[in-house]
Structures are given as C-alpha cells and as structure tokens.
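A short write-up of the structure that comes next.
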Amino acid sequence: MDFSISEEQKMIQEAAREFAQNELLPGVIERDETQKFPAEQVKRMGELGFMGMMVDPKYGGSGLDTVSYALVMEELSKIDASSSVVVSVNNSLVCWGLETYGTEEQKTKYLKPLATGEIIGAFCLSEPEAGSDATSQKTTAIDKGDHYILNGTKNWITNGNSASVYLVIAQTDKDKGHKGINALIVEKGMPGFEIGPKENKLGIRGSDTHSLNFNDVKVPKENRIGEDGFGFKFAMKTLAGGRIGIASQALGIAAGAYELAKKYAKERKAFGTEIANHQAIAFKLADMHTQIEAARLLVYKAARDKDIGANYDLSGAIAKLHASKTAMDTTIEAVQIHGGNGFVKDYHVERLMRDAKITQIYEGTSEIQKIVISRSILRN
Ligand SMILES: Cc1cc2nc3c(=O)[nH]c(=O)nc-3n(C[C@H](O)[C@H](O)[C@H](O)COP(=O)(O)OP(=O)(O)OC[C@H]3O[C@@H](n4cnc5c(N)ncnc54)[C@H](O)[C@@H]3O)c2cc1C
C-alpha cells in the first residue's frame, strides 16, 4: 500500500494552498458577513484550472485525477468553504455529468466554457417536497416532440444566481416512477425561468443559494442528457462522485480549524504556561489530529477508487459521513480552544464551525449516507 502523493499532486496542492492564502483569505470575513459571492476569486480559480479539474483538456479541462481534485478542495476549504463549494458543484455535479453522459454537441457548447471557468453551472435536484427523497419530483418536463415544457420549483440551488447553465431533474412520465425522470440542460435567460430570492444562511454565506422557478420553459430535446428516463440514474451517479468533493471540503474545514487551534494553543498563556501544556487542551488536539488523519485516508481512498475505475458508492459515502462529522467535532473544539476569541469573527474558527454544518446536510445528509452504507454492507 502506498499512502504518498506524487510530485505532480504535491505541486497542485501547493498551488491551491498559495492561492487560498493569498487570494481567498483576504476578504473572507467580509464576504461571509455580507453574503458576497466570490466572483473574482472564482474567475481566478478558472484561470488556475480548478473549475474543470478532471475534464479532458480537449474540452478545456485540466485532465487531472480525482485525488488532485480532493487535494485542491481540501486546501481551498481550509480557508473559504464558500468558494470551494463553487468548485465542487462545477467539477463534480456539472462537468463530470456532462463529460460522462453528454453528447458531443452538449460538450462543445456547454462543457468547454464550464471547464475553463468562463461560466459556472448549477445542479438542480432538490425541491420543496423532494430533498432526501429525491424520487418525489414535482417538477415536470412534458414531452412535446422536439422539446420539453418545464414547470416547477427547485430549492436550495448552489450557484443559483451566478450560474449560466443549470442541470435540471424533472419528471416526464409519472407512471414510470423514477424511470420516468429526465435531466435537462437549461440556460439562464430562457423565457419562463425565474430566479428566486437568495437564502440567508448559517454558513457558506458567500455561496449563493436560491430557489428557482420554471414556468412553461421550452427546453429543446437536444438538451436532454442521456436516454429518455435516464435522469434519476444520472442524478444518483453524479451525486456519488459529488460526495467525494464534499468529503474533501469537510476535511479541509476540519484541517483549517485544527491548524488555527494548534497555533493558538502554542501561543496563548494561562496559569503561567501555554495552554497547549495543559493536558486537557493537548488531548483535544490529539483527538482532532486523529480524526482528521482518518478522514484524509478515507477521502483519498474514495478518490483513488474513482481514479482506478473501482466502485466508489460505498467509499464515497463512508468518506463523507466521517469527514463531515470530523468537520463538526473539530471546529467545535477549535472554538473551545480559542476561548472568548473563538466566539468572535476575527479568529476565523466560528465561521469554520458554521460552515462545517452544511457538509452533514447537502449531497445527502448523514442519515442518507448511513442508508447507503448499511444497504451496501448488508447486501454481502
Ligand atoms: C446551502 C445548501 C445548498 C444546497 N445546494 C443544493 C444544490 O446545489 N442542488 C440541490 O439539488 N440541492 C441542494 N441542497 C439541498 C440539499 O441537498 C437538501 O437540503 C438535503 O438533501 C436534505 O433534504 P431536505 O432539506 O429536504 O431534508 P429532508 O429530506 O426533509 O430531511 C430532514 C431530516 O430527515 C432525515 N431523513 C429523511 N429521510 C430519512 C430516512 N429515510 N431515514 C432517516 N432519516 C431521514 C434527514 O437526514 C434530515 O435529518 C442544498 C441545501 C443547502 C442547505
């Protein structure tokens, strides 16, 4: 077994670390407070090749592996999870699905500008009454011969207002259940497509989360991804890979909080010595480090499974479940180690704690990951 990363992967990791320190850290507190979307930072991430990391260079991507993507996600998330979620959605949920299942025309028209970061994408599955139970789609895409007529509402859509291209899951034939669902490529500005108000969130406040309304939107048939009825499978396959991205995000949030807490514990004095010398604090750091190391190995394992063509449904779910719990546990302890300073914005850890929570909710809650894991282990 080889746990080391290659020289090329180290260079990519270092580039992401430098970018995060130099270009994400400045203004991160203000963007969180004002819910400002990191538009300039996203543009720069496009220039650095982070928006289409695993996409074939012939479609404008960087042609890298999933492990490299996980390394970049970890470094970005140590500093700014609101920016890293844009990278995660664009790479895992939009580019991957288009490259894997799209037609040549769809790849030329949509994947190229998405992979270079010229535009960004959104993935639209959740609805007011369809979250964990994604089969309960109320959004309809009625087949009208050469086009579909799309009607309905999508909730909680990341990049909701900033995206130009939206992959929308909708029910075409209710009688066929989940086999009657389609995935359609919808462009911003199509008549009848309205963007709802921005959500005022606990965490990842810089990312822009909106509901979307579709009122008789005419979507050409050539914008359907895959065969008729492939939409639900498309969404599940896409989310399986997305979990590796969110697991890496959770790992980064945890590692970022741990690094800040360790530094603080070695500087802050109480009772005549640095607080790191009090065993209660040292043990907290030991627990954090242990949980993070385990999360990192699980994330790399899932990413590698994807790279070698092995099944990653189980390893991705395990990685997300563990890494998101690690993010929550670690950030709470990082605030505790900072004492009163942990409770104010300047020290960053309170933001990381708020950001950590979403990793247990989106792209499948922790309970849903346990369903995936238990079904898989009980099958054998
Ligand atoms: C900031 C943010 C960004 C998001 N971005 C996107 C996006 O870009 N695209 C998108 O499509 N969606 C997005 N989502 C939606 C997200 O994926 C859903 O919120 C999530 O899947 C949970 O669905 P729900 O909110 O409807 O909760 P529910 O499904 O109503 O779940 C409520 C609770 O019940 C539990 N539960 C439900 N079913 C079961 C079960 N069978 N067994 C045990 N427990 C169960 C859940 O785990 C949860 O704890 C985003 C959400 C947020 C908050």
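Read-outs: derived from the displayed coordinates by stated rules, not from any lab. Given the structure is predicted, the values throughout are model-derived calculations rather than measurements. Note: ideal-geometry Cβ built from the backbone for every residue, glycine included; neighbour counts use all protein chains shown.
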Response to the item:
Calc'd 3J(HN,Hα), segment 98-108, phi into Karplus 6.51 cos²θ - 1.76 cosθ + 1.60 (θ = phi - 60°), Hz, glycine/Pro = x, comes to 5, 5, 6, 10, x, 7, 4, 5, 5, 5, 5
Worksheet item: Where Rh is the Kirkwood radius over the Cα pairs of segment 1-149, the temperature 20 °C and the viscosity 1.002 mPa s, what D in µm²/s does Stokes-Einstein return?
Response: 127
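What is the sum of charges, Lys and Arg at +1 and Asp and Glu at -1, for the other residues whose Cβ falls under 9 Å from the Cβ of Gln41? Walk me through the numbers on the way to the answer.
On the way: positive: Arg31, Lys43, Arg44; negative: Glu23, Glu40, Asp80.
With Lys, Arg at +1 and Asp, Glu at -1, the neighbours total 0.
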Practice prompt. With no solvent and one equal point scatterer placed on each C-alpha of segment 39-85, evaluate the Debye formula and give log10 I(q)/I(0) for q = 0.15, 0.20, 0.21, 0.23 Å⁻¹, two decimals.
Written response: -0.37, -0.64, -0.70, -0.81
Item to complete: Report the far tail of the P(r) of segment 284-361, meaning the percent of Cα-Cα pairs longer than 17 Å.
Response: 51
Worksheet, complete the sentence: Quick calc, the chain, dipole around Cα centre from Cβ unit charges on Lys, Arg (+) and Asp, Glu (-), nearest 20 debye, gives 600
Item to complete: Specify which residue in the list Gln35, Ser6, Met45 is farthest towards the positive end of the charge dipole of segment 1-125, using unit charges on the beta carbon of Lys, Arg (+1) and Asp, Glu (-1), about the Cα centre.
Response: Gln35
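So which GluC sites (Glu not before Pro) in segment 221-315 are both in a DSSP loop and have at most 12 other Cβ atoms within 10 Å of their Cβ? Walk me through the intermediate numbers first.
Numbers: sites: Glu222, Glu227, Glu259, Glu267, Glu274, Glu293; in loops: Glu227.
Sites meeting the loop and neighbour criteria: Glu227.
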Worksheet entry | Counted charge near Ala310, where neighbours are those whose Cβ lies closer than 11 Å (Asp, Glu -1; Lys, Arg +1) | 0
Worksheet item: If a helix is a whole DSSP H run, which ones in the chain reach 24 Å or further along their own axis (Cα) and hold a mean Kyte-Doolittle hydropathy of at least 0.0?
Response: 231-267, 313-337
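List the equivalent ellipsoid semi-axes of the chain in whole Å, largest first, each obtained as the square root of 5λ for an eigenvalue λ of the Cα gyration tensor.
Details: eigenvalues 265, 88, 79 Å².
Listed largest to smallest, the semi-axes of the chain are 36, 21, 20 Å.
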Item to complete: Normalise the Debye intensity by I(0) for segment 222-380, one equal point scatterer per Cα, no solvent, then take log10 at q = 0.08, 0.09, 0.20 Å⁻¹ and round to two decimals.
Response: -0.30, -0.37, -1.13
Response to the item:
Computed from every Cα-Cα pair in segment 165-230, P(r) in 5 Å bins starting at 0 and rounded to whole percents is 4, 15, 21, 19, 17, 12, 9, 3, 0
Worksheet item: Any idea which of Gly226, Gln279, Thr238 is furthest toward the positive side of the dipole for segment 216-306, if Lys and Arg beta-carbons carry +1 and Asp and Glu beta-carbons -1?
Response: Gln279
